[in-house]
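To start, the structure itself, in structure tokens.
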Amino acid sequence: MDIRFTGQNLKITEGMKAHLQERLSKFEKYAPRLVEAHIFLKKEKYFLKAEVTLVAKNLHAFGEGNSKENIFAAMDEACDRVEKQLKKFRAKSKDHHRHGAKIPIKVMRAMKMMESESAVSAGAPKIVHTETFAPKPMSAEEASLQLELLPENFLVFLNQDTNVVNVIYKRKDGNHGLIEPSF
């Protein structure tokens, strides 16, 4: 996790950094894929303010704390607010409360329609596995070389000349075929 500290009218000491890094390391159990944390500490006229912002894959948590005499109290208050948000996010992602919920009538009708359609097409193949990935931009020649190194029979790539997703595949005669969609 990338941690950035910013101070306004206040010098950030190593003790402050160590305290916050210790608190932020505990947040990994609630959201294990935290990308970055931004800590903003400032001193205004009569009070100290701390803002903690955490960014994860599907989460953006923000906490703010104020204190009149101690910056550590403000940091702890901000961290407590972020921790509360992380706990709530974790509970929602686990989705414990759905087991006893009633299914709406529209959903029941849709499920019945899907079951009747699946009974008609029982002999048709089903999609049992789906993968998502970001295709790498490369030329067709480079994709051909990559395909030689791979155990798969095809490679999906982003053609850097046309900026269109292409598929290159191994033919039975040992050569390669290229599929270029036209829109």
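The values are calculated or read from the model by the stated rules, or taken from the named source; none is laboratory data. For clarity, every value in this text was computed on a predicted model and none was experimentally measured. Neighbour counts run over all protein chains shown; Cβ positions are idealised from the backbone, glycine included.
A few notes on this one:
- Single residue of Gly100, Gly174 found to be loosely packed, with under 11 Cβ neighbours inside 10 Å and at pLDDT 85 or above: Gly174
- Which numbered condition Asp95 misses (of (1) on the phi > 0 side of the Ramachandran plot; (2) modelled with pLDDT of 70 or more): (2)
- Taken over the range 5-62, the criterion of being closer than 24 Å to Lys87 by Cβ, among the polar types (S, T, N, Q) and in a loop (DSSP other than H, G, I, E, B) is satisfied by Asn58 alone.
- Applying a threshold of 7 Å to beta carbon distances and a minimum spacing of six or more residues, or different chains, the list of pairs starting in the range 150-168 at a residue that is in contact (Cβ under 8 Å) with a residue 12 or more places away in the chain and ending at one that is part of a strand (DSSP E or B) and among the charged types (D, E, K, R) reads Asn153/Lys170.
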